[in-house]
Amino acid sequence: MRRMWWAVGGGFAAAVLAVGGWLVAADKGYPFADARACEGSDVPLEVELDAVGLRMPAGARDVHYVTHPAAGTEDVELAVAFRSTAKAMRAYLEQNKIVTTGFTHLADGRFLTGDVGTPPADLGLCGDVPQIYAPAVLVEQQRTGFGGDPETVDIALQTKPGDIGTLRPTTEVLLTVTQTPGT
C-alpha cells in the first residue's frame, strides 16, 4: 500500500512539474503570454482595441503592440504596428469612418505626407518594427473616446513610390491612439 502512495505521489509531482514547465515555456516573458505584446503593455491587444472602438484589419500580420489604457492627456493609449494589404487597409479606413467612403486618393492635401508616424522605438514597440518613411501618408482623426475624453487616431501607411496617394500592395502600418488635451 505504501508503494502505491509513493507511486501516486511521484506521478502527481511529475505532472505538476510538467505543467509548470509548460506554462513557463509558453510564457517566454511576453506580457499576457502573447508574443505580439511589447514590454510595458498593460492589457491584451483585443481588450484595448475594444476600449478604443477599433478592430485589426482583416489579414493583418507581423503585429506588435503596446497598450496603456490608463493613459493621461497627450499619452499613447495604443500603438500597434502591422503589415496589411492595400485592399484590406482601404476597407478598414472606410469601415472605421477614418476616411470617407469611396475616397480615391490619399494625397489630396488633407493628409500629411513624407516621413510619417512616431518612431516605433519612441512608442515602446518591439520586434524590429520599421519607421514609416516617405513615400507615406498619415491619416489623422480627432474624435471623442468612449470615456468622453478627446483622442486622436493616427494611421501611418506606406504608399507607392511615384504615387504618394496609392497604398503599396503590401503596406507597413502604424496605428496610434492618443489622449488629446480637452478644449
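Bear in mind these aren't lab numbers, they're just calculated from the coordinates by the rules spelled out. The shown structure was predicted, so the numbers you read here are calculated from the model rather than taken from an experiment. Quick reminder, even Gly has a Cβ in these numbers, built from the backbone with ideal geometry, and neighbours come from all protein chains shown.
Over the stretch 77-176, what number does the Rg to Rh ratio reach, with both radii from the alpha-carbon atoms and Rh per Kirkwood?
Reported Rg/Rh, Kirkwood definition of Rh: 0.95.
Calculated FRET efficiency, residue 180 and residue 33, Cβ-Cβ r, R0 45 Å, to nearest 0.05?
Details: r = 33 Å, r/R0 = 0.72.
The pair residue 180/residue 33 has a calculated efficiency of 0.85.
Over the stretch 128-183, what relative contact order in percent results from Cα pairs under 8 Å that are six or more residues apart?
Relative contact order, the stretch 128-183: 35 percent.
Bins of 5 Å, beginning at zero and ending with the bin holding the largest distance: percent of Cα pairs per bin for the stretch 43-103, please.
Using 5 Å bins, I get a P(r) of 4, 17, 24, 23, 19, 10, 3, 0 for the stretch 43-103.
Please give the FRET efficiency for residue 112 paired with residue 160, using the beta carbon to beta carbon distance and R0 = 25 Å, rounded to the nearest 0.05.
For residue 112 and residue 160, the calculated efficiency is 0.90.
Could I have the simple spin-label model distance between residue 146 and residue 133, label points 7 Å from Cα toward Cβ, reported in nm to one decimal?
The modelled label-to-label distance comes out at 3.8 nm.
Using amide H atoms built 1.01 Å from N in the peptide plane, name the residues 5+ places from residue 127, or on other chains, whose amide H lies under 5 Å from its own.
Placed amide hydrogens put nothing under 5 Å from residue 127.
Hey, rough spin-label estimate for residue 91 and residue 50, points 7 angstrom out along Cα→Cβ, what's it come to in nanometres?
According to this spin-label approximation, the distance is 2.3 nm.
What is the extension gain from residue 42 to residue 100, computed as 0.36 nm multiplied by their sequence separation minus the C-alpha to C-alpha distance, in nm to one decimal?
Gain on extension, residue 42 to residue 100, equals 17.6 nm.
Under the rule of at least 5 residues apart or a separate chain, name every residue whose amide H is placed under 5 Å from the amide H of residue 163.
Under 5 Å from the amide H of residue 163: no residue qualifies.
So how much slack lies between residue 170 and residue 83, counting 0.36 nm per residue of separation and subtracting their Cα-Cα distance, in nm?
30.6 nm
May I ask you to order 124-135, 167-178 by the average number of other C-beta atoms within 10 Å around their residues, highest value first?
By packing density, highest mean first, the sequence is 167-178, 124-135.
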